[in-house]
Amino acid sequence: MKQLSKIFAASALAFGTSQTMAADITVEIQNLTQGLYFTPIATVAHTADTSLFEVGEMASAEIQEMAEGGSLAGLTTVATSINADMLAETAAGPLAPTAKVSGSFMTADTNTTLSIVAMILPSNDGFIGLDNWTIPTEAGTYTVYLNAYDAGTEANDELVGGGAPGVPGMPAPPFLTLGTGGSGVTSTESNSMIHIHPGNIGDDSLTDGKSDVTNTVHRWLNPVAKVTVTVN
């Protein structure tokens, strides 16, 4: 099982000597899909009046950066600016189907809400998402299932591309077997708000067709991830 590493917000360095009451929690995330991978996962404990994303609203530049290219750089900056506690799988590599990743951290008493995001591969701008889940105050183990969301920032053409924000096409890391020569499933995105992802369509050709995604491997139904939170 992979381990999440902790990224401290600047003000979080003082937790050990402050009078702030903290919560000790462990978060485990499992990939429930058949053939999808998750890029580095951001698990963020923050105040209830802040959000990483909101379903039905426009994606921020930082969410777009994560959803289209898998980068957590912008979200790490956001977490620091709001004095959040953050776990991030920055170097462990993609989370494969059925695999799990976990980590533990202390949260300030003001950071009572948990959010989780990571890009789905292959996809144009799909991501797993937990949106402002209230961390229980009672010790115990809690389970949450995550949906796949579409950031609404890029058309789901399902074609291999660079993966940079604002550039059409999907990232194509070497651990994925994707096709080439597709003509594109679509060139437009009708819903520019964050919404439930319609899923990959794919096709059965690796050399032509509409999609570079394999329809027997890379399609999915929700939920796509399982989160187990242990409050100590």
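The values are calculated or read from the model by the stated rules, or taken from the named source; none is laboratory data. Note that the structure is predicted; figures quoted are calculated from it, not measured. Neighbour counts run over all protein chains shown; Cβ positions are idealised from the backbone, glycine included.
Quick notes on this structure:
- If you go through the range 144-197 and keep only what is among the acidic types (D, E) and either within 19 Å of the chain's Cα centre (by Cα) or under 30 Å from T113 (Cα atoms) (or both), you end up with D150, E154, E158.
- Per the listing T110, T141, the residue uniquely over 16 Å from the mean Cα position of the chain (by Cα), β-branched (V, I, T) and either crowded, with 21+ Cβ neighbours inside 10 Å or not in a loop (DSSP other than H, G, I, E, B) (or both) is T141.
- Selection status of P40, modelled with pLDDT under 95, surrounded by 17 or more Cβ atoms within 10 Å (Cβ to Cβ) and within 21 Å of V144 (Cβ to Cβ): yes
- For the range 113-136, the candidate set comprises residues that are within 22 Å of A164 (Cα to Cα) and among the small types (G, A, S); within that set, the residue that is nearest to the chain's Cα centre (by Cα) is A118.
- Tally, over the range 105-159, of residues that are in contact with a Lys or Arg (Cβ under 8 Å, 6 or more places away or on another chain) and modelled with pLDDT under 95: 1
- Enumeration of residues in the range 144-155 that are of a type outside the set (F, W, Y) and either in contact with a Pro (Cβ under 6 Å, 6 or more places away or on another chain) or part of a strand (DSSP E or B) (or both): V144, L146, N147, A148, D150
- In the range 51-68 there is at least one residue matching the filter, namely being in a strand (DSSP E or B), under 19 Å from I194 (Cβ atoms) and touching a strand residue (DSSP E or B) at 6+ places or on another chain (Cβ under 8 Å).
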